[in-house]
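Visitor: Let me begin by handing over the structure; questions about it come next.
The values are calculated or read from the model by the stated rules, or taken from the named source; none is laboratory data. What you are looking at is a predicted structure, and each value in this text was computed from that prediction instead of being measured. Quick reminder, even Gly has a Cβ in these numbers, built from the backbone with ideal geometry, and neighbours come from all protein chains shown. For accessibility, only protein heavy atoms count, side chains too; no ligands or nucleic acids. Shrake-Rupley method; radii C 1.70, N 1.55, O 1.52, S 1.80 Å.
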Amino acid sequence: MSEEKLNEEKKTTPVVAEAEKQEKILNALQSVLDPEIGLSVIDLDLIREVAFTPEEAEIKMVLTTPFCPYGPMLINQIQSVSETAAEIPVKVTVLPDRSEAPPWLR
């Protein structure tokens, strides 16, 4: 394999790795259900963004209602399931209600 092709692969590898981790996280989050509604946080469109830094992933989400009584439980479940799936630390950030739809829903 030529040196140029090797350099191209090295440049795309982090992006591919991030995409694979994002897919693993989103698939794993299908198992996190809202206890009142019985649907996953993915089906309810509560997950708005999955971003990566070299050290961790950050999941930005909204709650079903501003004073959701299950909010802390959902946040803990999302963090736990995501860390297991991606095998890196995950930070969960709750956004205000009126945040933009995730890119996969636009």
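Visitor: Karplus couplings for segment 41-54 from phi (6.51 cos²θ - 1.76 cosθ + 1.60, θ = phi - 60°), rounded to Hz, Gly and Pro as x?
Guide: Using θ = phi - 60°, the values come out as 5, 6, 4, 7, 6, 7, 8, 9, 7, 10, 10, 10, 10, x Hz.
Visitor: At what distance in nm do the modelled label points of ALA17 and ILE88 sit from each other, each positioned 7 Å from its Cα along Cα→Cβ?
Guide: 0.7 nm
Visitor: Could you order LYS21, LYS91 so the one with the most accessible surface comes first? Probe is 1.4 Å.
Guide: Solvent-accessible surface, decreasing: LYS91, LYS21.
Visitor: Spelling out what I want: for every residue of segment 81-92, take phi, set θ = phi - 60°, compute 6.51 cos²θ - 1.76 cosθ + 1.60 (Karplus), and round to whole Hz; glycine and proline get x.
Guide: Per residue, the Karplus-derived 3J(HN,Hα) values read 5, 5, 5, 5, 5, 8, 6, 9, x, 10, 10, 10 Hz.
Visitor: From the phi angles alone, apply the Karplus equation (6.51, -1.76, 1.60; θ = phi - 60°) to segment 27-34 and give each ³J(HN,Hα) in whole Hz, x where the residue is Gly or Pro.
Guide: Along segment 27-34, the couplings run 5, 5, 5, 4, 7, 8, 9, 6 Hz.
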